[in-house]
Each structure stands twice: as structure tokens, then as C-alpha cells.
Amino acid sequence: MKPSTRRRIKRRSFLFRRKLKVLRRLKRLRTAPVPSKRRKFSAMAPGDEWHLHVPKNILILGRPGHTTMTNFLAELRQAFAHKTRAICVDFTATAKLFPEGLLLFYAELDRLVSVFQEKRVRCIPAANATVDGVLQHLGIYKLLNHESPTPPTGDNVVGWKVHHAQQVDGNIFGPPIETLGLKTELAAQLFKGVSEAVTNVRHHAHLAQRKDGLKLPARQEWWMFIHESDSKLYVAVCDLGIGIPRSLPIQHGWPAVSHALHVIFGQQKRTDGRLIKAALRLGRTRTDSEHRGMGFTDMIAVLSTMPESRMVIYSNHGALTYNGSVQPPALETHTFKNSVLGTIVVWHFPNEGTSREN
């Protein structure tokens with residue numbers, strides 16, 4: 001056989017194999033199922049029940065917990081906004097509750113249940129006895145139309161108090177602070193700090209639409225947790241507004257904000273954590289009231305005299321933490337992947353200086 005003939009046969013064989021390979025690939029493509037472009041939850045029929053699994057740990061402290069909790073809250077909002085009529089919140093796997101995460105969850109659930117009243121909501125109670133008691137005591141089970149057969153007991157359960165209102169009224173949040181029996185200076189600064197957080201709800205939190213995809217009308221609401229034990233005092237305030245990083249440039253304008261960032265950090269790079277710290281420096285509120293806007297800064301000054309004290313401000317993707325357990329006390333900014341879509345201010349300090357008489 002001539003060399004030229006062998007080359008032609010080899011060439012034809014190669015082309016035949018390549019054609020066969022292409023035909024087989026086309027056959028696989030024709031028979032393969034077409035992936036749906038819709039989101040998974042859109043395939044649910046209106047009569048189906050949306051089943052939500054609450055995370056094992058309800059917390060927003062630390063990046064893994066923050067991401068897990070904010071993802072769950074996003075699914076919670078999707079469930080209420082979806083056409084399905086029934087929702088089940090499953091606490092079976094929930095083992096630990098952390099106040100900041102629980103307050104955010106409580107606020108979101110309270111808001112959604114009050115707006116979407118046509119939804120049928122229920123829950124599967126927690127297997128953990130302490131978690132079950134706290135959810136019953138704080139009224140979270142009540143929001144989900146469930147009542148635990150076991151009454152809540154123990155200081156770590158019944159010691160928690162929740163307050164919720166739409167008014168900026170010291171007569172609402174003042175008495176709970178007074179019951180803590182703090183020394184005069186600390187009580188006054190804590191009252192000022194809580195007043196600042198609550199006042200922000202009216203003047204700052206709803207200057208624009210909340211980016212939760214629901215497009216609900218603004219409701220100037222705030223929620224507060226208080227807990228007192230023999231060794232620790234805890235106060236936290238939450239609102240579901242647009243957050244400090246979004247409201248700050250609306251209040252003061254970007255030139256003033258950029259200048260504050262440059263003074264504090266030596267550069268104008270914008271992160272939500274840095275914007276929270278800039279808000280403390282800018283001080284005054286949008287109404288330019290001299291007596292307001294410095295509650296958080298004054299509170300840090302008081303906490304600096306108390307070892308083991310802590311203050312955290314979560315807002316959108318950022319957080320600002322004051323930690324008095326290290327020397328010198330640290331004031332640090334943090335940035336997270338997801339947004340809490342609101343603001344949570346937390347004060348945590350040792351129960352050393354109460355004014356109660358033994």
C-alpha cells in the first residue's frame with residue numbers, strides 16, 4: 001500500500017471518529033433535562049407549607065454565625081412574601097440562644113407576623129429545655145401560635161425582659177432601666193444611650209426604603225431586651241430601618257462623612273464598620289439638637305471606667321465593638337458578608353455598682 005493511501009485512510013478514520021463523538025454529545029444534550037431558571041421556592045404550590053429550619057446557634061457574633069443567621073432571616077422574609085399560605089418554623093436543632101441574634105430574630109418575626117396576617121404560621125418546638133423556656137417566656141412561641149406545656153423557670157430564662165413600641169417615649173424604656181438599680185451616673189448614661197438608639201428610629205432609620213425586597217411601608221418600631229443576673233447586666237435595642245451606614249450620608253452629606261473617615265482612619269475607604277465609627281464622631285443628629293447625638297460616645301466614656309464592660313453596634317454589613325476586658329480598651333470595626341438590615345446596639349457590663357440596698 002502506498003504511503004499516500006495510508007494517509008487518506010488514517011485521515012478518514014480520524015474524521016469518522018470525531019463525527020461520531022459529536023453525534024453522541026448532541027444526543028446527550030437532547031435527552032438531558034432542561035434546568036429550571038426559577039428559584040427553588042417558586043415551584044411550591046400555594047397550598048404547600050414552607051418549612052424553615054432555625055440554625056443550631058442563634059447568633060450574629062462572629063462571621064460564621066452572622067452569615068448563617070442572616071441567611072436564615074432572608075429565607076424567613078422570602079417565606080412570608082411567597083404565595084404559599086402556611087409556614088412552619090422548626091426549632092428542633094436549636095441548642096443555643098445569643099441575645100443579639102435572638103433580638104434580631106424576634107424583631108423580624110414580630111414585624112412579618114403583624115404585616116402578613118393572612119399567613120398560617122406554626123412551629124416545631126425546641127428539644128432543648130432552656131431554649132424552649134426562653135422562646136415561651138419571650139413570646140416567640142405565641143407569635144407562632146404555640147404554647148409550651150412546660151412553664152419557663154430559672155433566672156437564665158425568666159430573667160429576660162422584652163419591650164416593644166413605636167413611640168419615642170422615655171416613660172416606656174425608662175422604667176425598665178430604673179428597675180436595674182444602677183448607680184446614678186451609669187443609669188443616666190444608659191438612659192441617654194437607649195434614648196439615642198430609640199430616637200434614631202424616628203429621625204434616621206426610615207429615611208429611605210429598607211433593602212429587604214418586601215417594599216413594606218415604614219413602621220417606626222423598636223425592640224429592647226433587658227437581662228440582669230448577679231454578675232452581669234445586659235441591655236440591647238434593635239430597629240429594622242435602613243441602618244447607620246445608609247442614613248449617615250443622608251444626614252450629613254458625603255463630604256462631611258469622607259472628612260470624618262479621613263480624620264479617623266487616614267483614608268476615605270468606606271466600609272459599614274468605619275461608617276458606624278464616623279457616625280460617633282459626627283455626633284449630632286439630623287435635627288441638629290445640641291443635647292442629642294452623643295449618647296453612644298458618652299456611654300463608651302462611662303464603660304471605660306468599668307473593666308469587663310462591652311458595647312457593640314451592629315448596623316447593616318458592619319459592627320463597631322468596644323471591649324473593656326483588654327488593656328487598653330479596644331474600639332474595633334468589623335465588616336460582614338451579609339447585612340442585618342437594621343441596627344442593634346448592645347450594652348453589656350458587670351453588675352458591680354447597683355444602688356440597691358441589701
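The values are calculated or read from the model by the stated rules, or taken from the named source; none is laboratory data. Predicted model only: the values in this text are computed from it and were never measured. All Cβ positions, glycine included, derive from the backbone under ideal geometry; neighbour counts span all protein chains shown.
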Complete set of residues in region 95-106 that are among the hydrophobic types (A, V, I, L, M, F, W, C) and farther than 13 Å from Thr70 by Cα | Ala95, Leu97, Phe98
Within region 210-250, can you find the residues that are buried (at least 20 other Cβ atoms within 10 Å of the Cβ) and among the aliphatic types (A, V, I, L, M)?
-> Met224, Ile226, Leu233, Val235, Ala236, Val237, Leu240, Ile242, Ile244, Leu248
Give me the pairs: first residue in region 101-121 and over 16 Å from Glu49 (Cβ atoms), second residue crowded, with 18+ Cβ neighbours inside 10 Å and of a type in the set (Gly, Ala, Ser), beta-carbon distance under 8 Å, and six or more apart or on different chains, which are they?
-> Gly101/Gly65; Leu103/Ala236; Leu104/Gly342; Ala107/Gly342
Any hit, region 134-154, residues being of a type in the set (A, V, I, L, M, F, W, C) and surrounded by fewer than 16 Cβ atoms within 10 Å (Cβ to Cβ) = no
Got at least one residue in region 79-89 being modelled with pLDDT of 95 or more and of a type in the set (D, E, K, R)?
-> no
